[in-house]
Each structure stands twice: as structure tokens, then as C-alpha cells.
């Protein structure tokens with residue numbers, strides 16, 4: 001089984017594929033310098049295999065490489081960031097962390 005994650009800008013979403021089949025996606029709205037993630041979903045036949053977490057971490061890693069900030073409106077995206085503050089909290093602008101219920105330091 002081969003999984004891959006890629007940005008699909010035409011659909012405004014990151015997608016994870018399993019052996020070439022769409023397994024899930026994380027929808028976003030791109031604004032100047034920021035990616036607002038709005039929804040993450042794993043298709044039912046792929047649920048329970050850790051694909052949502054892989055999708056989100058791959059998307060966050062790509063956003064970091066692109067030098068963009070993250071606005072995690074998606075509850076699952078917020079959860080992954082909160083559980084991994086040393087890896088991803090810095091992607092959320094400090095002035096927006098209260099709104100998303102996230103701490104203000106990476107060591108929280």
C-alpha cells in the first residue's frame with residue numbers, strides 16, 4: 001500500500017491518496033500569506049488507519065515549506081496542532097491563538 005499527500009489547488013484542498021485512490025482531504029482557503037483550513041475528512045472506507053493525521057501533518061509540513069501561516073478553523077487540524085505544539089504551533093500567528101484556543105508558547 002502506497003500513500004501520498006499532495007496539494008490540489010484547483011479544489012482548494014490537500015488530498016491523501018492510497019494506491020491512487022482518494023482517501024481523504026483537508027479543505028482550505030488561501031489568502032495572502034495564510035492558509036485557513038476549514039475541514040478535514042477521511043472517506044469511510046479508509047477510516048481508522050491514521051490517514052487523517054498523516055494528511056494533516058503532511059499539509060502542515062508543506063505549508064511550513066511554503067512560508068505560510070495557518071488558521072486552523074478545522075477542529076481536527078487544531079487538535080493535531082495542540083497535540084504537537086513543538087512541531088506546529090509556530091505556524092499559527094500569535095495574535096490568533098486565543099481565538100483557536102491554542103497556547104501562546106511552543107512549550108505549553
When segment 77-87 is checked residue by residue, the ones that are farther than 18 Å from residue 29 by Cβ and in a helix (DSSP H, G or I) are 79, 80, 82, 83, 85, 86, 87
Can you confirm whether residue 89 is buried (at least 17 other Cβ atoms within 10 Å of the Cβ) and more than 22 Å from residue 16 (Cβ to Cβ)?
yes
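Would you confirm, using the coordinates I've provided, whether residue 19 is crowded, with 17+ Cβ neighbours inside 10 Å and farther than 20 Å from residue 100 by Cα? Please lay out each step first, then the result.
On the way: crowded, with 17+ Cβ neighbours inside 10 Å: no; farther than 20 Å from residue 100 by Cα: yes.
So residue 19 fails the test.
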Count of segment 7-57 residues which are out of contact with any strand residue (DSSP E or B) (no Cβ under 6 Å at 6 or more places or on another chain), in a strand (DSSP E or B) and under 20 Å from residue 68 (Cα atoms):
2
In segment 63-76, anything assigned to a helix (DSSP H, G or I), closer than 11 Å to residue 28 by Cβ and out of contact with any helix residue (DSSP H, G or I) (no Cβ under 7 Å at 6 or more places or on another chain) is listed as none
Restricted to segment 22-35, and to residues that are under 16 Å from residue 78 (Cα atoms) and crowded, with 16+ Cβ neighbours inside 10 Å, which residue is nearest to the chain's Cα centre (by Cα)?
26
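All of the numbers you see were taken from the coordinates with simple rules; none came from a lab. Please read all numbers here as calculations on a predicted model, not as lab measurements. Neighbour counts run over all protein chains shown; Cβ positions are idealised from the backbone, glycine included.
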